[in-house]
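*Asks:* First the structure, then my questions, so here it is.
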Amino acid sequence: MKKLLVLIMAALMILAMAVAGCGGDDKKADNGSTPHKEKLVIGTDADINNLNLQKQQDAANNVILKNTHQTLVFFNNGSQGKERFGPGLATDWKFVDDTHIIMNLRKDVYFNDGKKTPMTADDVKFTLDMAMKNVIKSALAGYVKSTVKDKYQIEIEISSYNNEFIQSLSSVPLSIQSKKAYDDGVKEPWLIGTGPYKYDKWVQGEYCRLTKVKDYWGNNLPATENFAPGVSDIIEFRPMIEASARVMALQAGEIDVCVNPPISDLKFLKDDKNITVYEQPGTRLFYFAFNVEKKPWDNQKLRQAVACAIDKKSVLDAALNGKGTLQKTILNRGLWGFYDEMPGYDYNLERAKQLMKESGVTGPIKTTLTYATGAPYEQIATVIQANLAQIGITVDLVPMEQAALKAACKDGKQSLFLWRWNEDSKVDFVYRDLFYTGSGSNYHHFSDPKADKLIDDVATLKDQNKRMEAGVELQKYLVDECPQVPLYIANLVVAYNKDLKGQYFYGGGNHDWRHAYIAK
């Protein structure tokens, strides 16, 4: 247990120091008075697909929405000497008992609706109640109801004690929305937030533009505050799915930030005196997975055989030229309870062939591997296709546009598939979303009473030693059941204009651009 705790603390310290060293001091220095370019342009590697907060869960959307909206609880990843979670639109909270939480709200917040409508407890209740009717209801697991106590105080009732319920309120899709905007029939009311930026224009596939709120409620807050005003006058996000296009745009000065530049181009970018290349350990886990409802992948021994046949090092080298960390467990690094000491499945063809015999599955196996088009999935798929051929499994590769892939996985149409998952704040967002019976993100279609019980234990056990034991047991159990094969955690790599200031990076890519600007 001592070894486990040391590993956990080390991982958290590395992550916190990495993020803290990435523009934190610049954030304090400005607040809009330093001369800067009017527009900050960010080239992203994923397309924006939905800006309706509660009807989406994609990081590409959340990175935009965290500029325009704000949450009850603020998640800052533990950088700058702060706790990872702190006051947001709620100033404080306390558990009255195991199932009732009293929250007090800021009294100086108003919505960017042109009318300065105050944000009150009615808006909080409206937002949380609405969430239970939408795709993000898993983020509020255990929520029962809210009761408005007065204009700036609300009581939240949950079904049972939950270790991470407060943390869940920092989730971007749970940002507080305006009840009045919905009641008044405003077109696209979900675009109205309380943040330092507001929505201006979105041309799908081309750009999404945000403009600084001139009468923002937090304009007089110090730059060190979580809700300090933005700096750039305009922030523009430009999806550029083709990695080489992002690199060329950065070098030409068309964009200021290139998210996830191709590893093959890093040397050229580092040689460019006008560009900075930043790298740190990441938190995003890439994995290979099975639809366990489809034969023959309902066979645990066969799944384990496949796991032993995958050469993870070759996968990492092909995908990222080795810029990442191989992994055995299904949990993202840096999260509470991370444990990677189980035997797992090293590349071992003899063991793979023996497990295939034990599976009882006979005859040639022909299957499909579905994945999102483009890097790194193309490279990963090609290596795995060759790996599985060595144990007699013929794999047809089926690339899909990402939205179509998600729909296919949710409907259970896939056999084998590639996916990635990033979580840097809550273990329940991994365990419950990916492995709990009936979860909308459980693309493995895995259902197991023991796993469900352990997931509930991790969420609800008050004794932190027993909770830790349950978490370790759960990770060992899921690795043994093998609904997925964890491959690697990708390093975070970002290239940007050398004059970029105030940037705030997260290991999984959920960056905060509110205080970033290009200094003149």
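*Asks:* In region 501-509, is there at least one residue being surrounded by 21 or more Cβ atoms within 10 Å (Cβ to Cβ), in contact with a Ser or Thr (Cβ under 7 Å, 6 or more places away or on another chain) and at pLDDT 95 or above?
*Replies:* No, the conditions are met nowhere in region 501-509.
*Asks:* Right, next: With (1) closer than 30 Å to ASN465 by Cβ; (2) surrounded by 17 or more Cβ atoms within 10 Å (Cβ to Cβ) as the list, and LYS179 as the residue in question, which single condition is left unmet?
*Replies:* That leaves (1) as the condition not met.
*Asks:* Report whether or not GLY322 is at positive phi and either more than 24 Å from the chain's Cα centre (by Cα) or among the basic types (Lys, Arg) (or both).
*Replies:* Answer is no for this residue.
*Asks:* For region 364-387, check the following and say yes or no: at least one residue is farther than 30 Å from ASN61 by Cβ and buried (at least 22 other Cβ atoms within 10 Å of the Cβ).
*Replies:* Checking region 364-387: at least one residue is farther than 30 Å from ASN61 by Cβ and buried (at least 22 other Cβ atoms within 10 Å of the Cβ).
*Asks:* List the strands (runs of 3 or more DSSP E) inside region 66-158, counting only whole elements, that have at least 1 residues being over 27 Å from GLU236 (Cβ atoms) and at pLDDT below 95.
*Replies:* Here the list reads 85-87.
*Asks:* Please verify whether ARG514 is more than 25 Å from PHE286 (Cα to Cα), in contact (Cβ under 8 Å) with a residue 24 or more places away in the chain and not in a helix (DSSP H, G or I), treating the condition exactly as stated.
*Replies:* Yes, satisfied.
*Asks:* Checking the condition buried (at least 21 other Cβ atoms within 10 Å of the Cβ) and either outside the structural domain of TYR199 (by TED's automatic domain parsing) or in contact with a helix residue (DSSP H, G or I) (Cβ under 7 Å, 6 or more places away or on another chain) (or both), which residue from SER138, SER159, SER168 passes?
*Replies:* The unique qualifying residue is SER168.
*Asks:* Given the options VAL259, VAL315, name the one that is under 28 Å from GLN354 (Cα atoms) and either under 22 Å from the mean Cα position of the chain (by Cα) or not hydroxyl-bearing (Ser, Thr, Tyr) (or both).
*Replies:* Sole residue among the options that is under 28 Å from GLN354 (Cα atoms) and either under 22 Å from the mean Cα position of the chain (by Cα) or not hydroxyl-bearing (Ser, Thr, Tyr) (or both): VAL315.
*Asks:* Would you kindly identify the helices (runs of 4 or more DSSP H) lying entirely within region 172-278 that contain at least 3 residues that are within 21 Å of LEU492 (Cα to Cα), without any contact (Cβ under 8 Å) to a residue 40 or more places away in the chain and of a type in the set (A, V, I, L, M)?
*Replies:* Output list is empty.
The values are calculated or read from the model by the stated rules, or taken from the named source; none is laboratory data. Not measured: the values here are computed from a predicted model. In this analysis, Cβ positions are derived from the backbone assuming ideal geometry, glycine residues included, and neighbour counts consider all displayed protein chains.
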